[in-house]
Amino acid sequence: MSTRSVIPFGPQHPVLPEPIHLDLVLEDEKVVQAIPSIGFIHRGLEKLVDKKDFHEMVYVAERICGICSMGHGLGYCDAVEHIMDLEIPDRAKFLRTMLSELSRIHSHMLWLGLLADAFGFESLYMECWRIREEVLDMFEIATGGRVIFSIMKIGGLRRDLPDDMLADFRQRLDKIEEQLKVVAKPFYDDVAVKNRLVGVGILTPEKADLLGTAGPFLRASGIARDIRSTEGYCAYDQIEFEPIISTGCDSYARTEVRIKEIFQAIDIVRQCIDKMPAGAVDVPVKPNQFPNGEYMTRIEQPRGEALYYVKANGSKFIDRMRVRTPTFANIPALVEVMAGCDLADVPILVLTIDPCISCTER
Amino acid sequence: MNCEFKMVRAEEIIDEAQRLHYDGYHLMQQCATRTETGYELVYTFGKALDVLQVKIILDTDQPINSISHVFPCAFLYENEMHDLFGVDIKMISLDYKGSFYRTAIETPFK
């Protein structure tokens with residue numbers, strides 16, 4: 001029998017953009033068990049409900065993460081709007097859908113770049129991030145921000161996006177789509193890329209379901225669970241699309257799902273622009289109108305399903321805001337796929353869940 | 001999303017979790033909210049499009065059993081509830097005993 005040894009992996013590691021620690025139990029070069037450890041940068045943002053009123057908590061929710069900020073703002077607003085029984089205008093729903101999908105594009109492009117960097121394909125990494133910059137330019141035009149947008153508010157959006165801006169976005173997306181087709185090719189076809197991804201980190205559909213996995217990590221195991229299509233929040237019930245799945249169950253399948261989701265997101269943005277209704281982008285919330293009740297919203301963030309639980313008491317300060325982020329839900333499955341893998345594959349496997357530790361350490 | 005809560009007593013939670021597990025549900029999340037007399041726990045389970053929410057009212061010092069032996073991913077949520085709120089959860093499959101979150105003060109949300 002081989003000797004077992006324990007290797008500490010992280011919290012600081014060249015392949016990890018954010019701190020997560022794993023105790024890897026090894027037999028020779030094979031991982032037999034991985035024990036996760038987080039909590040290095042926990043900020044306690046949910047506790048700020050004691051000090052910030054329910055309007056200000058939109059800003060707090062956005063600051064949970066710099067990549068998923070659009071979705072966090074949306075999820076929190078959606079939960080409070082359900083409690084307050086606010087029906088937001090159709091234009092706001094379509095704009096929220098459009099902005100969420102732009103967010104998905106830049107998040108997936110960031111991830112593709114990190115993956116390329118992890119297996120040493122630096123020119124591909126830079127190209128992915130260059131294209132992502134063009135999406136961030138669109139955010140800057142639309143909201144004034146590239147990371148924190150502050151466009152979501154209880155009752156809709158803070159500002160409208162004029163039709164000529166939407167037409168400009170459509171042209172920009174055409175250009176981005178052409179560039180993406182070139183960038184996607186090595187991820188699909190390159191032998192070196194396939195050698196690092198195919199057959200690595202198998203997660204069966206049964207395990208994926210049992211472990212509460214979410215997002216592309218789940219859909220790459222062949223389970224077509226996408227809250228956009230099932231819940232139909234925002235304007236997704238008026239958009240034509242099907243959840244993208246792959247039955248490969250490995251790291252290559254996860255990459256494939258995310259690449260296809262980028263093209264799908266571009267298509268959804270185009271549909272939003274084409275179907276954009278006219279009208280207001282918010283409903284007024286009276287100064288003496290406070291939420292009273294509790295609600296849990298779920299939305300499909302780029303990394304997977306996120307849950308937002310809000311409990312309010314009829315005053316301007318809510319009792320509880322709880323965010324269940326997709327990375328948190330994916331940690332048990334990450335540990336599962338690591339058992340039996342080579343030590344050299346650990347960084348790739350950590351990356352294939354698209355970890356967002358900032359979200360997890362909210 | 002279904003936001004009706006099914007009230008369950010703390011001592012019945014394992015039976016309830018096992019029933020849901022056999023019915024094909026997966027665990028979506030667990031969270032705690034501080035109340036004047038203790039805690040309010042919300043467990044969310046999903047099966048395809050169906051969502052079921054279970055609510056448990058606990059006194060401050062009242063323990064509750066872990067469901068991590070039924071739903072393996074529960075160990076993360078339960079360690080979180082223990083570390084942030086001080087909820088006394090027994091028999092977590094992987095119990096970090098307070099070191100899951102490295103917080104400056106003990107149980108900051110209590």
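Rule-based calculations on the coordinates, nothing more; no lab input. Computed from a predicted model, the values in this text were never measured in an experiment. Heads up, the Cβs are rebuilt from the backbone with ideal geometry, glycines too, and the neighbour counts pull from every protein chain shown.
For the protein assembly as shown, a simple Cβ point-charge model (Lys and Arg +1, Asp and Glu -1, everything else neutral) yields a dipole of about 600 debye relative to the Cα centre. Per-residue extension of 0.36 nm, minus the Cα-Cα distance of A:VAL191 and A:SER150, leaves a gain of 10.5 nm for this segment. Take the Cα radius of gyration of segment A:184-247 and divide it by 2.2 N^0.38 Å, N being the number of residues; the result is 1.36. Each listed q (0.18 Å⁻¹) maps to a log10 I(q)/I(0) for segment B:5-90 from the Debye sum over equal C-alpha point scatterers, namely -0.70. In chain A, the calculated helix contribution to ellipticity at 222 nm averages -15000 deg cm²/dmol per residue, counting -39,500 (n - 2.57) for every DSSP H run with n ≥ 4.
Between Rg and the Kirkwood Rh of segment A:233-362, both from Cα atoms, what is the Rg to Rh ratio? Each step should come with its number before you reach the end.
On the way: Rg = 19.3 Å, Rh = 18.1 Å.
Rg divided by Rh gives 1.07.
Computed from point charges on the beta carbon alone (+1 for Lys and Arg, -1 for Asp and Glu), the dipole magnitude for segment A:100-142 about its Cα centre is near 140 Debye.
Projecting the Cα atoms of B:ALA32, B:GLN62, B:GLY86 onto the charge dipole of segment B:5-90 (Cβ charges, centred on the Cα centre) puts B:ALA32 farthest toward the positive pole.
In straight-distance terms, cross-link reach from A:LYS185 covers every one of the lysines whose alpha-carbon lies under 17 Å from its own, apart from those fewer than eight places away in the same chain; here that gives A:LYS175, A:LYS194, A:LYS260. Each 20 Å bin, from zero up to the one with the longest distance, holds this percent of the alpha carbon pairs of chain A: 30, 57, 13, 0. When the GluC sites (Glu not before Pro) in segment A:218-292 are filtered for DSSP coil states and for at most 10 other beta-carbon atoms within 10 Å of their beta-carbon, the remaining sites are A:GLU240.
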